[in-house]
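Working notes, beginning with the structure itself.
The values are calculated or read from the model by the stated rules, or taken from the named source; none is laboratory data. Because the structure is predicted, anything quoted here is derived from the model rather than measured. Positions of Cβ are backbone-derived with ideal geometry, glycine not excepted, and every protein chain shown enters the neighbour counts.
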């Protein structure tokens, strides 16, 4: 199986972490901005990361890929099968991919990607707005993290992987939630990011971005 993309993308990282947690052998094929790799274009015709292939099967979009992997390799489900918990996991995945990634991505792009990889100064106002938008996000998560330390049920699910990912990008851009204001969220992220599935990629990303 091959995954096409850059690990600093929260969508690509989501699949890398999911595969690691499920013990799957997944090859990362690095893809940069504007990359014309024909194999990548074949599985992601609109050049959205990540792209994915498994033999003759190919697809793009992190949620579609996660659903495929969790269905095909179901011995350690990251998407519950019961209706209520499955719906909750899908909600948190969508929340992370849209509301959370929009806020974290504004900081990451304007403070890291644009100056380091595009060669243009970032938009400070856009980055500041992204940081401000994190306040209701953090407040919401502080209120929904369960006593188990997870978002859904008493074990790691796709919900946790999806939500913890964009906070890595935010941290790369110099933002972490206020521990005094959000103690549950701080502990939650600390525990998740310390898992080998996350920690290994975070170390690699910091080195790639010159942040280590």
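Among residues of the range 144-160 that are at positive phi and assigned to a loop (DSSP other than H, G, I, E, B), those with a beta-carbon under 6 Å from a residue that is at pLDDT 95 or above and surrounded by 15 or more Cβ atoms within 10 Å (Cβ to Cβ) at least six positions away or on a different chain give the pairs 153/85. Only a single criterion out of (1) within 16 Å of the chain's Cα centre (by Cα); (2) free of Cβ contacts under 8 Å to residues at least 40 places away in the same chain; (3) within 20 Å of residue 16 (Cβ to Cβ) is not satisfied by residue 101, namely (2).
Residue by residue, here is whether (1) in contact with a helix residue (DSSP H, G or I) (Cβ under 9 Å, 6 or more places away or on another chain); (2) surrounded by fewer than 17 Cβ atoms within 10 Å (Cβ to Cβ); (3) on the phi > 0 side of the Ramachandran plot holds:
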site: 14; (1), (2), (3): yes, no, no
site: 36; (1), (2), (3): no, yes, no
site: 50; (1), (2), (3): yes, no, no
site: 57; (1), (2), (3): yes, yes, no
site: 72; (1), (2), (3): no, yes, no
site: 89; (1), (2), (3): yes, no, no
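Does at least one position in the range 117-132 carry a residue that is within 23 Å of residue 12 (Cα to Cα), at pLDDT below 95 and not in a loop (DSSP other than H, G, I, E, B)? Checking the range 117-132: at least one residue is within 23 Å of residue 12 (Cα to Cα), at pLDDT below 95 and not in a loop (DSSP other than H, G, I, E, B). Checking the stated criteria, residue 90 turns out not to satisfy the condition of being under 17 Å from the mean Cα position of the chain (by Cα) and outside the structural domain of residue 172 (by TED's automatic domain parsing). Taking each residue of the range 27-42 that is within 20 Å of residue 114 (Cβ to Cβ) and in the same structural domain as residue 65 (by TED's automatic domain parsing) and looking for partners that are at pLDDT below 95 and not in a loop (DSSP other than H, G, I, E, B) with beta-carbon atoms closer than 7 Å, six or more apart or interchain, yields 33/117. Pairs linking a residue in the range 47-64 that is in the same structural domain as residue 15 (by TED's automatic domain parsing) to a residue that is crowded, with 24+ Cβ neighbours inside 10 Å and in a loop (DSSP other than H, G, I, E, B), with Cβ atoms under 7 Å and 6 or more positions apart or on different chains, are 60/50; 62/50.
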